[in-house]
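Visitor: Sharing a structure below in structure tokens format, with a few things to ask.
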Amino acid sequence: MNTSTAVLEHSVTGASASAAPTTARTPEPLLREALGLTLRAFRADKGVTLRELAGVARVSPGYLSELERGRKEVSSELLASVCHALDCSVSDVLIEAAGYMALPSMDEELAHTAPAASEL
């Protein structure tokens, strides 16, 4: 038997339970955008041109460019092909992309927990 415990950041009481939190959260980046940034960074680190990578991965340079700019969703098969061409694993790319996605929420969290300059 599994037991789960939920932890709420804000208390939920009475009429305020249906109200939205007063602080606006910045929207998380889309996965396709984070993957695009990651693929571009991996390609740049390897010193490979877009055209060279496209040739090895067997995808058109235009489509690869769209992927890197976060305008197209990548299939798992195509992602595996591009990662193989970059000599890296899909898991490495996904972990790095997850880091890109976490940065805005970490910045927001740090802004709320960091002491003000006047408190230092």
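Nothing in this text is a laboratory measurement; each read-out follows from the coordinates by a stated rule. Because the structure is predicted, anything quoted here is derived from the model rather than measured. Cβ sites come from the backbone with ideal geometry, for glycine too, and all protein chains shown count toward neighbours.
Visitor: For labels at GLU77 and ALA98 in the simple 7 Å Cα→Cβ model, what's the distance in nm?
Guide: Between GLU77 and ALA98, the simple spin-label model gives 2.6 nm.
Visitor: Explain nothing, just the number: dipole magnitude of region 39-82 about its Cα centre with +1 on each Lys and Arg Cβ and -1 on each Asp and Glu Cβ, in debye rounded to the nearest 20.
Guide: I would put it at about 120 debye.
Visitor: If R₀ is 22 angstrom, what is the calculated FRET efficiency for the pair LEU30 and SER60, using the beta carbon separation as r and rounding to 0.05?
Guide: With R0 = 22 Å, the Cβ-Cβ based efficiency is 0.50.
Visitor: Here is a follow-up. So how far, in whole Å, is the C-alpha centre of region 32-47 from the one of region 77-105?
Guide: 8 Å
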